[in-house]
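Only one structure is covered here, and it is reproduced in the block below.
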Amino acid sequence: MKIGASSRSAAQTAMSRLILLVCVLMSGCREAPTTTWSAQARSPDGIWLAIARSEQGGGIGGAYDVTTVSLQRVKGPQPPAQVLLFSHEYATMNLKMEWLTPTHLNVTYGPSARPGDHADLNFQAIKCAGIEISVTDLSSRTNSGTRTNSEDKLGDRRGQTRGQTRGQDKLGDRRDVPRFLASKNR
C-alpha cells in the first residue's frame, strides 16, 4: 500500500508542477501593446478631438495589429469613445481623418504599401454624441466611394447626385427605402 500512496503523491506533485509551468509560460506570452503610430484632428469648432492610434501587441500565437479611432471632447473629464476599429497585417496602415463639418468626421483608410497587406474595418459607430462618422475605403474606392452603414444597408449610391436623399434614385422615387426611413426624409 505504501507503493500506491507514494506513486499517487508523486503524480500529484508532477501535475502541480506542470500546471504551474504552463501558467508561468502563458503569462509570459502577453506583452503590453506598443503604439506604432498616432494622429489627432480637431473639429472645426474646436469642441471635439478625433484620435487615431495603431497598436501592435500580443506574443507567441497571439500577435495583433489594430488601429482605433476615438472621439473626445476637448474640455471635460470624459474618456475617449472608440468609434472605429481596424485590423491589418503590419504595424501601420493608411488612415486620414478629416472633419467635413463640426458634426461630421470622415475617415479614409486602406492598407499600407507593403505587399499582401490588408485593412479590415471591424467596428464602426455611425454616430456618437451627435457626430456622424463616415468611412472611405481606399482599396474599393473605384467602385463605391464614401459610404456609411445606413448606405450599405440601402445599396450602392452610384448614379446619385449630391443633393439626393439616401435611397432616392434620380427620379425622386423611394422604392428601395423602407417605409419608416422614407417617411422621415419627407
Quiz item: Do we have Leu105 as assigned to a strand (DSSP E or B), surrounded by 14 or more Cβ atoms within 10 Å (Cβ to Cβ) and either modelled with pLDDT of 95 or more or over 13 Å from the mean Cα position of the chain (by Cα) (or both) here?
Solution: yes
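Would you point out the residue of region 58-72, among those that are more than 10 Å from the chain's Cα centre (by Cα) and outside any loop (DSSP other than H, G, I, E, B), that is nearest to Cys128 (Cα to Cα)? First the steps, then the outcome.
Step one: of region 58-72, the residues more than 10 Å from the chain's Cα centre (by Cα) are 58-65, 71-72.
Keeping just the survivors that are outside any loop (DSSP other than H, G, I, E, B) gives 58, 64-65, 71-72.
On the way: Gly58: 29, Tyr64: 26, Asp65: 25, Leu71: 8, Gln72: 10 Å.
Only one residue fits best here, namely Leu71.
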Quiz prompt | Top-ranked residue of region 108-126 - restricted to ones that are closer than 10 Å to Asp137 by Cβ and aliphatic (A, V, I, L, M), ranked as surrounded by the fewest Cβ atoms within 10 Å (Cβ to Cβ) | solution = Leu121
Practice problem: Check off (1) part of a strand (DSSP E or B); (2) at pLDDT below 95 for Glu55 and give me the number that stays unchecked. | Solution: (2)
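Given Lys170, Lys153, Lys184, Lys75, which one is out of contact with any Lys or Arg (no Cβ under 9 Å at 6 or more places or on another chain), modelled with pLDDT under 90 and assigned to a loop (DSSP other than H, G, I, E, B)? Spell out the reasoning first.
Numbers: Lys153 fails: assigned to a loop (DSSP other than H, G, I, E, B); Lys184 fails: assigned to a loop (DSSP other than H, G, I, E, B); Lys75 fails: modelled with pLDDT under 90.
Answer to the check: Lys170.
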Quiz item: Restricting the search to region 65-109, which residues are without any contact (Cβ under 8 Å) to a residue 12 or more places away in the chain and within 21 Å of Thr34 (Cα to Cα)?
Solution: Pro79
Quiz item: Here are some residues: Leu95, Leu100. Which one is exposed (fewer than 15 other Cβ atoms within 10 Å of the Cβ), modelled with pLDDT of 85 or more, of a type in the set (A, V, I, L, M, F, W, C) and closer than 30 Å to Ser134 by Cα?
Solution: Leu100
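Being under 14 Å from Thr136 (Cα atoms) and among the hydrophobic types (A, V, I, L, M, F, W, C): is that true of Leu71 here?
Details: under 14 Å from Thr136 (Cα atoms): no; among the hydrophobic types (A, V, I, L, M, F, W, C): yes.
Spelling it out, it is not the case that Leu71 is under 14 Å from Thr136 (Cα atoms) and among the hydrophobic types (A, V, I, L, M, F, W, C).
The values are calculated or read from the model by the stated rules, or taken from the named source; none is laboratory data. Note that this is a predicted model, so its numbers are computed, not measured. Using ideal geometry, Cβ is built from the backbone for each residue, glycine included, and neighbour counts are taken over all protein chains shown.
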